[in-house]
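A.B. asks: Next up is a structure, given as structure tokens.
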Amino acid sequence: MPMKVSYLTRNIGNVEVFYREAGPVDAPVILLLHGFPTSSHMFRDLIPLLAQDYRVIAPDLPGFGNTKAPPRGTFDYTFDNLARVIDEFTVSLGLKHYAIYAFDYGAPTGYRLAAAHPERVTAIISQNGNAYVEGLSDQWGAWQTYWRSPTPEHREACRDSLSAETIRNFQYFHGADRKLVSPDGYTLDIAYMARPGAEENQLDLILDYRTNLAHYPEFQQYFRTHRPPLLAVWGKNDPAFIPAGALAYRRDIPDAEVHLLDTGHFALETHAPEIASYMRDFLSRKLARVAA
């Protein structure tokens, strides 16, 4: 029988975190961390495929989806703050151990948690979630210019990344079989981006993304030192995070398992059953080893 999904909120300081939860409360936990420009809605197909055997929890990050965070000026939209809120969220739920599903922005958020609390992380599933400079494509020009020189003009040049056309054609359609991509995902993301203040919050995060690259050596040291079980399952046609980023995990975790799928950035839109199958096989083996 399919497991029911609950739609819940939890107050973490001045942030009201919205999250989806399904599965037995005493089962191993998987923390699903979404990316830009989406929300926990991206896991709508994956959650039912995992919840029979796992407690699956998918929060919306501050600035995304249905999580309610204060406006700019009273809340800093940085990756350190995203990680702090999600860290406190896991503590408030009493999660002592969890696997992390890291996608896009969810990777630098989740890896901050893992580096700070390695004893809590049972496994990592990286789905187009990068931690290596070789995983960055040549499509980052406007963002990199803004990082180097954060002028109003360079900030404005990044606004195109937030447009409806870019979300639909670059984020969702590029490299994917379009007939398999439901309009629900990108239509909802476009609507979220149109809310008052949303673009400015996202532009703040685009500028702060440079801190993630500065953290890459720390993340890689965590991988080398703690060797978490790691599954990289990527859309190989992703225009932003290229397959070299998935393969690079093997440099620090030699037994990392890597699967490249013939799809784009939002691999769950087209390959949720395949990703769930890889995850179930991987976690059945690796979590049993961790428990032992």
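The values are calculated or read from the model by the stated rules, or taken from the named source; none is laboratory data. These numbers were taken from a predicted model, which means no experiment stands behind them. All Cβ positions, even for glycine, are placed from backbone atoms using ideal geometry, and neighbour counts span all protein chains on display. Just the protein is used for accessible areas: all its heavy atoms, side chains included, with ligands, DNA and RNA removed. Shrake-Rupley method; radii C 1.70, N 1.55, O 1.52, S 1.80 Å.
A.B. asks: Taking only protein heavy atoms and a 1.4 Å probe, what accessible area per residue, in Å², does the chain have with all protein chains in place?
C.D. replies: Per-residue accessible area for the chain comes out at 40 Å².
A.B. asks: If we sort 31-40, 236-245, 115-124, 99-108 on the protection proxy, mean other Cβ atoms within 10 Å, highest first, what's the order?
C.D. replies: Values: 31-40: 24.9, 236-245: 20.2, 115-124: 17.9, 99-108: 26.7.
So the peptides 31-40, 236-245, 115-124, 99-108, ranked by packing, come out 99-108, 31-40, 236-245, 115-124.
A.B. asks: Taking θ = phi - 60°, what integer Hz values does the Karplus form 6.51 cos²θ - 1.76 cosθ + 1.60 yield along segment 124-133, in sequence order, with x for Gly and Pro?
C.D. replies: 10, 10, 9, 10, 6, x, 9, 9, 9, 5
A.B. asks: OK, next. In terms of solvent-accessible area of protein heavy atoms at a 1.4 angstrom probe, what is the ranking of 25, 91, highest value first?
C.D. replies: 25, 91
A.B. asks: Using only Cα atoms, what Kirkwood radius does the chain have, in angstroms?
C.D. replies: After inverting the mean inverse Cα-Cα distance, the result is 19.0 Å.
A.B. asks: Next up: Could you work out how far the C-alpha centroid of segment 36-77 sits from that of segment 114-169, in angstrom?
C.D. replies: 17 Å
A.B. asks: Could you tell me what percent of the accessible area of the chain is made up of carbon and sulfur, with a 1.4 Å probe and every protein chain present?
C.D. replies: In the chain, the share of accessible area belonging to carbon and sulfur is 53 percent.
A.B. asks: Between residue 126 and residues 5 or more places away or on another chain, which pairs have amide H atoms under 5 Å apart, with H built 1.01 Å from N, and which residues are they?
C.D. replies: Sorted by chain and number, the residues that satisfy this are 102, 231, 232, 233.
A.B. asks: So for segment 108-181, what are the equivalent ellipsoid semi-axes in whole Å, largest first, each being the square root of 5 times an eigenvalue of the Cα gyration tensor?
C.D. replies: 27, 21, 11
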